[in-house]
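Here the structure is laid out as structure tokens; the discussion comes afterwards.
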Amino acid sequence: MILNRNYLHTNAQRRELPEQGMEMFDLTANEAEIHQFPGSCISLHWHSELEIFVLLEGDVEVQIGEKRFRLTAGEGCFINIEILHSYYAVGDEPCHFRSFVFDAAIVSGMPGSVFDIKYVRPLLNKNVPFIQMNGVKKDKIYFEQFDIAFKAAQNEGHGYEFVIREALTHILLFLSERCKSYDIQSVSVQEIRLKQMLEWINKNIEKNISLPELAKSANISARECQRIFKKYLQCRPVAYIQKQRILIAVQYLTMTDDPITDIALKCGFSSPSYFTSQFKNITGETPTEYRNTYYGKQ
């Protein structure tokens, strides 16, 4: 099943959660247009699964930690486990993409197997957060196998899981060779602090959050808190919190029938009218219009 959605299903830590029904074959196939997401971006998040991504149309800026990379149509990328990342549409042209988010165990099998120890584990432990695929001849196998896996996910014919597993095996073998030329990178202390603060924000999203409280959640000063948000998110903490509230509101609007007023309160807005104005500033529509547009596309 191919998921086409305009939100991320995450927990309080901004860790992306697998969809229901994916537990036996822990793989999610996505196809969407980044402009359909609030603010024309897939906001900063991470997951314990691997991600492979292909851009079919447009230009996208991929943020990996504090670094940014540009992808154009026909290019793609690999993102390792537990890596903070986001996608931003560049320009007004459609940014149509496909991606897989999957548990490496689909390829490695049982922990301690030869596939796990010899091939998959080194890729996960190499600390190569990101590999860009430029669509050139040397990356051909990545895109060919991606297409094979995606067609199998679309059709879901008998034994399609075997087809996907074989395609992902070819891709991971290719990636394991590519990553041999990369230097090992360690996760920075600032990234760890940022994850702590993002977790705290989402656990307290309905409350009035102050900068000193946020900084205290990561045992840093208010100034360092602002510095980290500026470095990784290019915004002040208050701006991030406001946008995060809107993103959570989008999930409520598209996944529940809760009244707009109730959603505003759950997302930390004391005034439904203020919620409506802030929601429109980010999405271009009022909450009611957004919900009607979403269900009109179903």
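Only one of the values [x] 18.4, 59; [y] 17.7, 55; [z] 19.7, 59 was calculated from this structure for Rg and Dmax of the Cα atoms in Å; name its label. Computing Rg and Dmax of the Cα atoms in Å and matching it to [x] 18.4, 59; [y] 17.7, 55; [z] 19.7, 59 gives [z]. With K and R counted +1 and D and E -1, the other residues having a Cβ less than 13 Å from that of Tyr160 yield a net charge of -1. With the charge dipole of the chain set up from +1 on Lys and Arg Cβ and -1 on Asp and Glu Cβ about the Cα centre, the Cα lying farthest toward the positive end among the listed residues Gln196, Ser86, Tyr119 is that of Gln196.
Specify whether the C-alpha gyration tensor of the range 56-159 places it in the rounded, prolate or oblate class, a ≥ b ≥ c being the square roots of the eigenvalues: rounded for a/c under 1.5, otherwise prolate if a/b is larger than b/c and oblate if not. Oblate shape, in that a/c is at least 1.5 and b/c is the bigger or equal ratio. Taken one residue at a time, the phi angles of the range 64-72 give Karplus couplings (6.51, -1.76, 1.60, θ = phi - 60°) of 10, x, 9, 9, 10, 10, 9, 10, 10 Hz. Gly and Pro are set to x.
For the pairs Lys67/Lys151; Lys118/Lys195; Lys67/Lys231; Lys203/Lys243; Lys231/Lys266; Lys195/Lys230, note any where the Cα-Cα span goes beyond 21 Å. Mind dumping the intermediate values first?
Working: Lys67/Lys151 32 Å; Lys118/Lys195 31 Å; Lys67/Lys231 9 Å; Lys203/Lys243 15 Å; Lys231/Lys266 29 Å; Lys195/Lys230 14 Å.
From the list (Lys67/Lys151; Lys118/Lys195; Lys67/Lys231; Lys203/Lys243; Lys231/Lys266; Lys195/Lys230), the Cα-Cα distance tops 21 Å for Lys67/Lys151; Lys118/Lys195; Lys231/Lys266.
Estimated from helical segments only, the mean residue ellipticity of the chain at 222 nm is -13000 deg cm²/dmol, where each DSSP H run of four or more residues counts as -39500 (n - 2.57). Where a ≥ b ≥ c are the square roots of the eigenvalues of the C-alpha gyration tensor, would you call the range 186-259 rounded, which needs a/c under 1.5, or, failing that, prolate if a/b is larger than b/c, or oblate? Since a/c reaches 1.5 and a/b is larger than b/c, the shape of the range 186-259 is classed as prolate.
Annotation for Thr293 and Asn281: the two label points, set 7 Å from Cα along the Cα-Cβ direction, are 1.8 nm apart.
Largest accessible area first, the listed residues Lys231, Lys180, Lys207 line up as Lys180, Lys207, Lys231 when surface is computed with a 1.4 Å probe on the assembled protein chains.
For Lys137, a cut-off of 14 angstrom between C-alpha atoms picks up these aspartates and glutamates, skipping any fewer than 8 places away in its own chain: Glu75. Loop-located trypsin sites (Lys or Arg not before Pro) across the range 250-298 with a Cβ neighbour count of 14 or fewer within 10 Å are Lys297, with loop assigned by DSSP.
Round to the nearest 0.05 the FRET efficiency obtained for Leu173 and Ala239 when R0 = 41 Å and r is the Cβ-Cβ distance. Computed FRET efficiency for Leu173 and Ala239 comes out at 0.45.
The values are calculated or read from the model by the stated rules, or taken from the named source; none is laboratory data. In this text the structure is predicted, and so the values were computed from the model without any measurement. No Cβ is skipped: glycine too gets one built from the backbone with ideal geometry, and neighbour counts run over all protein chains shown. In case anyone asks, the SASA skips ligands and DNA or RNA and just uses the protein heavy atoms, side chains included. Shrake-Rupley method; radii C 1.70, N 1.55, O 1.52, S 1.80 Å.
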